[in-house]
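Written out below as structure tokens is the structure these notes cover.
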Amino acid sequence: MGETSTISIDRMIQSDLDQVLAIEQMSFTMPWSRNLFLSEFRNAPVSLMLVARSSRELQTIIGYIVCWIVADELHILNLAIEPARRRKGIARHLVLAALKYGCERNVRRAFLEVRTSNEAALCLYEGLGFIRSTVRKGYYDLPVEDAVVMSLEQDGLQKLVQQDADGGPEK
């Protein structure tokens, strides 16, 4: 999919699951199960799963993103980075790779849900141009928490992908 000086981004394969699940367990109070990830592999026409690998240790997965592309929408379902590697731009690279893939398939809108308390994620997505669309009350469990729905419409989506292709500003 792509490479930067510190990471490469590739399609997730089933042999990546042990490392992905370890990051998932460290990242969420209600982590996805192995079976849920396996169901995404079976949903290949809709599901996009990417991993970020350390270029230094090519087999080491340091983050991942899972999205659905349905009609002209891309829905970001899951994004996590190994805790020791957070706040280094890896999540941004994964999101941009997913958005680029979506644009190549005529996606006109991207959206996601994020916990209201997840300031790091809110800052990441707002920095990419996503806007807060609405709030879904009690969307999350353990703990029960509202979700902020964020969206990026076609103009912002295309501008972001083009800016990244041109080597635009890193945030």
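The values are calculated or read from the model by the stated rules, or taken from the named source; none is laboratory data. Not measured: the values here are computed from a predicted model. Cβ sites come from the backbone with ideal geometry, for glycine too, and all protein chains shown count toward neighbours. Note: areas computed on protein heavy atoms with side chains; ligands, DNA, RNA excluded. Shrake-Rupley method; radii C 1.70, N 1.55, O 1.52, S 1.80 Å.
Counting only protein heavy atoms and using a 1.4 Å probe, what share of the accessible area of the chain belongs to carbon plus sulfur, as a whole percent?
Exposed carbon and sulfur together represent 51 percent of the surface.
Explain nothing, just the number: relative contact order of the chain, from Cα pairs under 8 Å at least 6 residues apart, as a whole percent.
17 percent
Would you please put 37-48, 12-23 in order of how densely packed they are, using the mean number of other Cβ atoms within 10 angstrom per residue and starting with the highest?
12-23, 37-48
Please get the size of the charge dipole for the chain, origin at its Cα centre, with Cβ charges of +1 on Lys and Arg and -1 on Asp and Glu, quoted in debye to the nearest 20.
Roughly 80 debye for the chain.
Please report the Cα spread of the stretch 70-162 along all three principal axes, rounded to whole Å, starting with the longest.
Largest to smallest, the principal-axis extents are 37, 31, 20 Å.
Please report how far the C-alpha centroid of the stretch 18-60 lies from that of the stretch 76-146, rounded to the nearest whole angstrom.
15 Å
What's the tally of Lys pairs in the chain whose alpha-carbon atoms lie under 18 angstrom apart, where the two lysines are 8 or more places apart or on different chains?
So the count works out to 4.
Using the Kyte-Doolittle scale, which helices in the chain average at least -0.5 and also have C-alpha atoms spread 18 Å or more along the helix axis, with helices defined as whole DSSP H runs?
Span-like helices in the chain: 90-104.
What share of all Cα pairs of the stretch 1-65, in percent, falls into each consecutive 5 Å distance bin?
It works out to 4, 17, 29, 23, 17, 9, 1, in whole percents.
Which shape class, rounded, prolate or oblate, goes with the chain when its Cα gyration tensor gives a ≥ b ≥ c as root eigenvalues, a/c under 1.5 marks rounded, and past that a/b bigger than b/c marks prolate?
Cα axes put the chain in the rounded bin.
Per residue, what accessible area does the stretch 27-171 have, given a 1.4 Å probe and all protein chains present, in Å²?
52 Å²
Using only the Cα atoms of the stretch 125-171, construct the convex hull and provide its projected area averaged over every direction, in square nanometres to one decimal.
Approximately 4.1 nm², given one-decimal rounding.
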